Amino acid sequence: MTLFDLLSNGTSLAILGAALAALFPCMGSAKGVGMVGEASTGMLTDDPSKFGGALLMQALPGTQGIYGLVTAFLVLFKIGLFGELLELTTAQGLFFLFACLPIAAVGYFSAVKQARVAVAGISLITKRPGEVAKAMTSAALVETYAIFALLISLLAILFAAV
């Protein structure tokens with residue numbers, strides 16, 4: 001069996017979509033959480049009492065990874081991986097693969113962009129500790145686009161004909 005034969009199998013394509021849905025948002029979230037953690041370490045060195053605000057800011061870019069995992073599990077559940085695995089046609093597999101692309105791509109980029117806003121928020125909190133809510137609001141706005149991508153991916157998967 002060649003690589004082409006393996007990838008042209010519909011079930012394999014759906015599993016590839018699930019893998020991408022988990023992989024890219026989790027990579028973006030790991031990068032984003034790390035970026036905010038690095039930025040907050042300096043602030044916490046000077047004032048450990050700001051840990052709560054820093055932790056909230058650091059957690060924000062982690063949500064995209066959760067969205068990717070939810071999407072991946074939904075695909076795997078829908079194709080019967082946890083029960084009786086369905087034999088999908090190539091067209092059905094491609095449908096699942098393409099349904100996973102919105103959260104895969106947007107999840108990665110929005111996590112990294114959200115982290116950049118959260119890093120700026122850490123600077124704000126450093127100088128004005130009472131402004132945590134404003135810093136969080138700015139970072140949370142970036143999340144909106146990950147939620148839109150999640151909704152598109154989930155709706156496509158939920159209503160997929162298999």
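One quarter of the convex hull surface, Cα atoms only: what value does that give for the stretch 81-130 in nm²? Intermediate values should be presented prior to the final figure.
Numbers: hull surface 23.0 nm².
The number I arrive at for the stretch 81-130 is 5.8 nm².
Which Cα, out of 124, 13, 76, lies furthest along the positive dipole direction of the stretch 7-158 (beta carbon charges, K/R +1, D/E -1)?
124
Give the order of 71, 90, 41, 126 when sorted by the count of other beta carbons within 10 angstrom, beginning with the fewest.
If I rank by nearby Cβ atoms, fewest first, I get 41, 90, 126, 71.
For residue 31, go through the aspartates and glutamates and keep the ones whose alpha-carbon is under 19 Å away, minus same-chain ones fewer than eight residues off.
143
What residue among 61, 129, 25 shows peak mean-square fluctuation when the chain is described by a Gaussian network model with Cα springs under 10 Å?
In the Gaussian network model the winner is 129.
Not counting the cut sites, what is the longest span of the chain without chymotrypsin sites (Phe, Trp or Tyr not before Pro) that DSSP labels loop and that have at most 12 other Cβ atoms within 10 Å?
Numbers: sites that count: 82, 159.
Longest gap between qualifying sites, sites excluded: 1-81.
For the chain, set up a GNM with springs between Cα atoms under 10 Å and report which of 28, 83, 53 has the largest fluctuation.
Comparing 28, 83, 53 in a Gaussian network model of the chain, the most mobile one is 83.
Kindly give Rg over Rh for the stretch 39-123, based on alpha-carbon atoms, with the Kirkwood expression for the hydrodynamic radius.
Taking Rh as the inverse mean 1/r over Cα pairs, Rg/Rh reads 1.22.
Pick out the long, greasy-scoring helices in the chain: whole DSSP H runs spanning 18 Å or more along their own axis by Cα, mean Kyte-Doolittle at least 0.5.
Once both thresholds are applied, what remains is 10-46, 63-78, 90-127, 132-158.
Which whole-number percent gives the relative contact order of the chain, counting Cα pairs below 8 Å spaced six or more residues apart? Could the numbers behind the result be given before it?
Numbers: 277 pairs, mean separation 56.4, N = 162.
The value is 35 percent.
Return an integer: the convex hull volume of the alpha-carbon atoms of the stretch 7-158, in Å³ per residue. Intermediate values should be presented prior to the final figure.
Working: hull volume 13.7 nm³, N = 152.
It comes to 90 Å³ per residue, whole-number rounded.
Take the Cα gyration tensor of the stretch 72-162, multiply each eigenvalue by 5, square-root it, and list the three semi-axes largest first, rounded to whole angstrom.
After diagonalising the Cα gyration tensor, the semi-axes are 38, 11, 10 Å.
Relative to the Cα centre, what is the charge dipole magnitude of the stretch 7-158, using +1 at the beta carbon of each Lys and Arg, -1 at the beta carbon of each Asp and Glu, and rounding to the nearest 20 debye?
Using only the charged Cβ atoms, the result is roughly 360 debye.
Using a/c under 1.5 as the rounded threshold, could you call the stretch 110-155 rounded, prolate or oblate? The axes a ≥ b ≥ c are square roots of the C-alpha gyration tensor eigenvalues, and prolate needs a/b larger than b/c, oblate otherwise.
Numbers: a/c = 5.80, a/b = 2.72, b/c = 2.13.
It comes out prolate by the Cα gyration axes.
Rule-based calculations on the coordinates, nothing more; no lab input. None of the values given here were measured: they were computed from a predicted structure. Here the Cβ is made from the backbone with ideal geometry for all residues, glycine too, and neighbour counts use every protein chain on show.
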